[in-house]
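See below for the structure under consideration.
The values are calculated or read from the model by the stated rules, or taken from the named source; none is laboratory data. No experiment lies behind these values; they were computed from the predicted model shown. Counting neighbours? That spans all protein chains shown, and the Cβs are built from the backbone with ideal geometry, glycine included.
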């Protein structure tokens, strides 16, 4: 199988550029949480695409941004560590927004990474007309010239509609080096289940909360064990999760009026967890306050950052 290719490609871009949605679309399964809130992704998430001619491992990274907290600095470090070791870099820019200073900053950093092919990806093309897509593609070409990047490809895609997603996959695969498969056939991610469960809960929390809250939420799975004494044909998994916020006022936001918000979070996240694990789940959510945890090195370590 001398023509087989394998390797890693990462998606980078500013927060809310559509990286996680694109990762899920390419893998064909939900392996990264998504939200309209920026900086949803907090660690590198690997999604594995199996083909007869290749194995493409996609690495979705947090959005590179100007950090205001120690957590932000660590998220940026994750991005830079990732793009330094992958075989291909996909630079994502959303079609519904002008190419801005944040995009220019990231592109300038990418220009310093030599010998790694870079693909410019215009995301969210379903949100704009063809004329706007053309303008943005020209902007990306000019940006490459300005910072000294010779894009291997410039491609517009819509993860939502699926437009050109298959083409992007083909383009990324062509840029991989020859090699053997890196993961067993059928494996879609190397994310531990306990991390994926925590992320699904955080995604449910993010929906509908106020704009200032997303960055203050962390989820830790304290226990995830099968319920004893259940019949083999009727298992139940007990999941105990702690939702950490930074202030008592944020705790009240998550709980909502008479517990309505927390109840909705429980219903939605339990539905997603059961779909992921293929078993019934009893979900226990506890809200805890860890004051200013995003800025506290000790709290960050406790929360896995």
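Somewhere in the range 208-217, is a residue in contact with a strand residue (DSSP E or B) (Cβ under 7 Å, 6 or more places away or on another chain), assigned by TED's automatic domain parsing to the domain that holds residue 246 and at negative phi? Outline the logic, then answer.
Filtering the range 208-217 for residues in contact with a strand residue (DSSP E or B) (Cβ under 7 Å, 6 or more places away or on another chain) gives 216-217.
The next check asks that each one be assigned by TED's automatic domain parsing to the domain that holds residue 246; those that pass are 216-217.
Pick out the ones that are also at negative phi and you get 216-217.
Checked against the condition, which is being in contact with a strand residue (DSSP E or B) (Cβ under 7 Å, 6 or more places away or on another chain), assigned by TED's automatic domain parsing to the domain that holds residue 246 and at negative phi, the range 208-217 yields at least one hit.
If you scan the range 123-149, which residues turn out to be farther than 12 Å from residue 99 by Cβ and free of Cβ contacts under 8 Å to residues at least 24 places away in the same chain?
129, 130, 131, 134, 145 - these are the residues of the range 123-149 that are farther than 12 Å from residue 99 by Cβ and free of Cβ contacts under 8 Å to residues at least 24 places away in the same chain.
Residue check: is residue 49 modelled with pLDDT under 85 and either surrounded by 20 or more Cβ atoms within 10 Å (Cβ to Cβ) or touching a strand residue (DSSP E or B) at 6+ places or on another chain (Cβ under 6 Å) (or both)? Before you say what the answer is, go through the steps one by one.
Numbers: modelled with pLDDT under 85: no; either surrounded by 20 or more Cβ atoms within 10 Å (Cβ to Cβ) or touching a strand residue (DSSP E or B) at 6+ places or on another chain (Cβ under 6 Å) (or both): yes.
No, not satisfied.
State the number of residues belonging to the range 106-128 that are in contact with a helix residue (DSSP H, G or I) (Cβ under 7 Å, 6 or more places away or on another chain) and either at pLDDT below 90 or not in a helix (DSSP H, G or I) (or both).
7
Tally time: how many residues in the range 84-105 are touching a strand residue (DSSP E or B) at 6+ places or on another chain (Cβ under 8 Å) and either closer than 22 Å to residue 24 by Cα or part of a loop (DSSP other than H, G, I, E, B) (or both)?
The initial filter retains those residues of the range 84-105 that are touching a strand residue (DSSP E or B) at 6+ places or on another chain (Cβ under 8 Å), namely 85-95, 99, 103.
Next, from what is left, pick out any that are either closer than 22 Å to residue 24 by Cα or part of a loop (DSSP other than H, G, I, E, B) (or both): 85-95, 99.
Total satisfying the criteria: 12.
Kindly establish whether residue 263 is under 24 Å from residue 28 (Cβ atoms) and outside any strand (DSSP E or B).
Working: under 24 Å from residue 28 (Cβ atoms): no; outside any strand (DSSP E or B): yes.
Considered against the rule, which asks whether it is under 24 Å from residue 28 (Cβ atoms) and outside any strand (DSSP E or B), residue 263 comes out as no.
Scanning for something touching a strand residue (DSSP E or B) at 6+ places or on another chain (Cβ under 9 Å), at positive phi, modelled with pLDDT of 95 or more and in the same structural domain as residue 22 (by TED's automatic domain parsing), does the range 133-153 turn up at least one residue?
No, the range 133-153 contains no residue that is touching a strand residue (DSSP E or B) at 6+ places or on another chain (Cβ under 9 Å), at positive phi, modelled with pLDDT of 95 or more and in the same structural domain as residue 22 (by TED's automatic domain parsing).
With respect to residue 233, is the statement that it is free of Cβ contacts under 8 Å to residues at least 12 places away in the same chain, over 15 Å from residue 273 (Cβ atoms) and outside any helix (DSSP H, G or I) true? Outline the logic, then answer.
Working: free of Cβ contacts under 8 Å to residues at least 12 places away in the same chain: yes; over 15 Å from residue 273 (Cβ atoms): yes; outside any helix (DSSP H, G or I): yes.
Yes.
I'm trying to understand the selection: among the residues of the range 272-299, which are in a helix (DSSP H, G or I), loosely packed, with under 13 Cβ neighbours inside 10 Å and either modelled with pLDDT of 90 or more or under 24 Å from the mean Cα position of the chain (by Cα) (or both)? Let's see the steps before the verdict.
Initially, the range 272-299 is screened for residues in a helix (DSSP H, G or I), giving 272-277, 293-295, 297-299.
Cutting the leftovers down to loosely packed, with under 13 Cβ neighbours inside 10 Å gives us 275, 297-298.
Result: 275, 297.
Just name the residue that is farthest from residue 111 (Cα to Cα) out of those in the range 145-167 that are out of contact with any helix residue (DSSP H, G or I) (no Cβ under 7 Å at 6 or more places or on another chain) and crowded, with 16+ Cβ neighbours inside 10 Å.
Out of the qualifying residues, it is 164.
In this structure, does residue 207 turn out to be modelled with pLDDT under 85 and surrounded by 17 or more Cβ atoms within 10 Å (Cβ to Cβ)?
Details: modelled with pLDDT under 85: yes; surrounded by 17 or more Cβ atoms within 10 Å (Cβ to Cβ): no.
No; evaluated as a whole, the condition is false for this residue.
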